[in-house]
1. A60 - would you say it is in contact with a Phe, Trp or Tyr (Cβ under 6 Å, 6 or more places away or on another chain) and either within 30 Å of H104 (Cβ to Cβ) or of a type in the set (A, V, I, L, M, F, W, C) (or both)?
2. Determine if the range 10-20 includes at least one residue that is exposed (fewer than 10 other Cβ atoms within 10 Å of the Cβ), more than 22 Å from the chain's Cα centre (by Cα) and not aromatic (F, W, Y).
3. All but one of (1) at pLDDT 95 or above; (2) surrounded by 11 or more Cβ atoms within 10 Å (Cβ to Cβ) hold for D48; state the number of the condition that does not hold.
Amino acid sequence: MPNTNAQVVLFANTKIRPVCDDLYQVYYKAKSIVQDYNSGGIGSLINDAGAAEILSDGSATDGRTQITGGDIYNVITALSQFVAYVEGTSVSTADRREVITKPHVNGI
């Protein structure tokens, strides 16, 4: 018998489906960024300039927080870990990618 409880339906439609849309989009964006980083040899370019060096991207004058190549490394590591988590499965967990893609509505 279908679950017609209005509170559960509202929660699914206003919380679960939207967050799965967000996670699905972030997953594919993270995967794309990591691929671009790797295929563009960005890590080597950062090494060549020095990972501790501040990026000259205008942030010193426009109010954005200044970042270094090391900060980029940290973000890439976090994105890689997120992608690996989503793509990972184990005996005790469902396919995490399927967990977020099944309820999503809008995706990418």
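The values are calculated or read from the model by the stated rules, or taken from the named source; none is laboratory data. Worth saying up front: this structure is predicted, and the values here are computed from it rather than measured. Virtual Cβ from ideal backbone geometry, glycine too; neighbours counted across all protein chains shown.
1. For A60, the condition - in contact with a Phe, Trp or Tyr (Cβ under 6 Å, 6 or more places away or on another chain) and either within 30 Å of H104 (Cβ to Cβ) or of a type in the set (A, V, I, L, M, F, W, C) (or both) - is not met.
2. no
3. Going through (1) at pLDDT 95 or above; (2) surrounded by 11 or more Cβ atoms within 10 Å (Cβ to Cβ) one by one, D48 breaks only (2).
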